[in-house]
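A short worksheet on the structure shown next.
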Amino acid sequence: MLGTRRQFIKHLGASAAALSLPAVLSSCSSRAAKPNILFIAIDDLNDWVGCLNGHPDTKTPNIDALAARGTLFENTHVQAPICGPSRASLMSGLLPSTTGIYGQIKDEDLRNNEVMSNAVYLSQFFARQGYKTMGVGKLFHGTDGNAFQEYGGIHERFGPKPEERMHYDPEWFGKPPGTQTDWGAFPDSDEKMPDWKFAQWAIQKLQERHEQPFFLACGFVRPHVPWHVPAKWFDLFDRNAISTPPYLPEDMNDVPEIAKRLHEVPMMPTTEWAQETGQWKDIVHAYLASTAFVDDKVGVVLRALTNSAYADNTLIILWADHGYHLGEKNRFAKHSLWERATHVPLIIAGPGLPENQRCNQPAGLIDMYPTLVDLCGYRVPNTLQGHSLKPLIEDPDADWSHVAITTYGRNNHSIRSLHYRYSRYENGSEELYDHRSDPNEWHNLAGDEKYNPVKERLRTHLPTVNADWHPESYLPVNDYFVREQGAAK
Ligand SMILES: [Ca+2]
Ligand SMILES: [Ca+2]
């Protein structure tokens, strides 16, 4: 009976979608009417955006307004919890376990293995269909010069720096170097920030006349460290009233040893340190200020699109390359297979697409490539390892058997389903969390026999290939990786 009713609702949903969806989509069958694509990337933005309810004090009115104009995939996860491998994966449509790109990598080295030498990047796919491809800012880890026909540069990447660090330098505390982590109000105007320049470049492209459909990519770099933005963005918040995220000091007691070693980021501040020095709220304040700043730049570009000749025929997709811990799990870092580092915003909006929809089925950034191909009416190449999300845009409650997979280092994977996170490390150690009762992932259920069927089911999604490290990919952040890479080379 239930099944019959569900099928009936699904049928209704499908009919409604067929009627309401595609001004854009149905017109996609003709080559002349291909929609443009505005592809907005944000660096190191976790789920602290208003529409995802990740933090009560965050101010992201422009991203929230975009979510209200489209579909918010509220259970979206990255393929890798750091910049380089996350971006290499989503642009190639291939999992890190297939490419061997588990760590950072220079763009000029991306192609130096057999799998990647044959990959067609997302932007290149559209170029082959006759699109004009343009990009600015951080799209790959640096940028691959061949990936866009026009590239507007990355400027000074992470922004102008104060003469001296303001609040944190790992070497002040006897820690290893290797992070730009610092925070504070700097410089004195938005115009000095690379993100401001990236937005201006994108706006200029939106004001130009284009004879072909375009793929325009704009990659913002805040809230990546250093958390330096002008004072006006700090002034949006009352520092003393800012909430710190949930933290359980004994949280690591039920985490496998290999997970502790793998997740170690010795150069970064710990929560214990931030509590002792009274700086936790200041760090959160700076991250929120950086997030509000980048949200404003997203808004500037979106308003330019609305005021352009392309307002009615442009798909918009907004995403972040991975999340970030701001004190949860005793860390201020990405580099983890836990929720706050894997969970990111993903919004897809455009003329003719449903508005104000939320979908909580698991999605991955790897799904963006096939989704855009599908939404624009092209056949999805069978080499891609993601899945088109178009069925979920048509009906957010559609049956969905896929999961999101995050990989950190070779053969360490975390599977996110609708309700669970299941992580399995190379030596067989496991974690299991039930997000219905434990959204902070404090209570590892992996040792409880009651959950064996759940683990067994989730295990079937683990990648069957665990490629060797790509020869130029590296991540020497801790002893685990130094040893791994030493063994690999
Ligand atoms: Ca990043
Ligand atoms: Ca725990």
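Every number here is computed from the coordinates shown, using simple stated rules; none is lab data. Keep in mind the model is a prediction, meaning the values are calculated, not measured. For neighbour counting, all protein chains shown are included, and Cβ atoms are generated from backbone atoms with ideal geometry for every residue, glycine included.
Scanning region 103-120 for any residue that is within 16 Å of ligand 1 (Cβ to nearest atom) and closer than 29 Å to Ala274 by Cα turns up at least one such residue.
Applying the criterion of being among the hydrophobic types (A, V, I, L, M, F, W, C), within 13 Å of Arg410 (Cβ to Cβ) and surrounded by fewer than 16 Cβ atoms within 10 Å (Cβ to Cβ) to the residues of region 442-487, the residue that is farthest from the chain's Cα centre (by Cα) is Ala487.
Residue pairs whose Cβ atoms lie under 7 Å apart, separated by 6 or more positions or on different chains, with the first residue in region 432-452 and free of Cβ contacts under 8 Å to residues at least 12 places away in the same chain and the second within 16 Å of ligand 1 (Cβ to nearest atom) and among the aliphatic types (A, V, I, L, M), do not occur.
Residues of region 385-409 that are surrounded by 21 or more Cβ atoms within 10 Å (Cβ to Cβ) and among the hydroxyl-bearing types (Ser, Thr, Tyr): Thr406, Thr407, Tyr408. Residues in region 175-189 that are touching a strand residue (DSSP E or B) at 6+ places or on another chain (Cβ under 8 Å) and not aromatic (Phe, Trp, Tyr) were compared, and the one that is farthest from His335 (Cα to Cα) is Pro187. Only residues that are surrounded by fewer than 24 Cβ atoms within 10 Å (Cβ to Cβ) and touching a Leu at 6+ places or on another chain (Cβ under 8 Å) were counted across region 92-121, and they come to 4.
The single condition among (1) polar (S, T, N, Q); (2) away from ligand 1 (no atom under 16 Å from the Cβ); (3) in a loop (DSSP other than H, G, I, E, B) that Thr179 does not satisfy is (2). Does any residue of region 352-369 turn out to be surrounded by 24 or more Cβ atoms within 10 Å (Cβ to Cβ) and either among the basic types (Lys, Arg) or within 16 Å of ligand 2 (Cβ to nearest atom) (or both)? No, every residue in region 352-369 fails to be surrounded by 24 or more Cβ atoms within 10 Å (Cβ to Cβ) and either among the basic types (Lys, Arg) or within 16 Å of ligand 2 (Cβ to nearest atom) (or both). Scanning region 311-336 for residues that are closer than 20 Å to Tyr102 by Cβ, in contact with a Gly (Cβ under 8 Å, 6 or more places away or on another chain) and not in a loop (DSSP other than H, G, I, E, B) gives no hits.
Quick check on region 435-453: of everything there that is in contact with a strand residue (DSSP E or B) (Cβ under 6 Å, 6 or more places away or on another chain) and of a type outside the set (Gly, Ala, Ser), which residue is nearest to Tyr324 (Cα to Cα)?
Across region 435-453, the extreme among qualifying residues is Glu441.
For region 277-310, filtered to residues that are part of a loop (DSSP other than H, G, I, E, B) and out of contact with any helix residue (DSSP H, G or I) (no Cβ under 6 Å at 6 or more places or on another chain), the residue that is surrounded by the fewest Cβ atoms within 10 Å (Cβ to Cβ) is Gly278.
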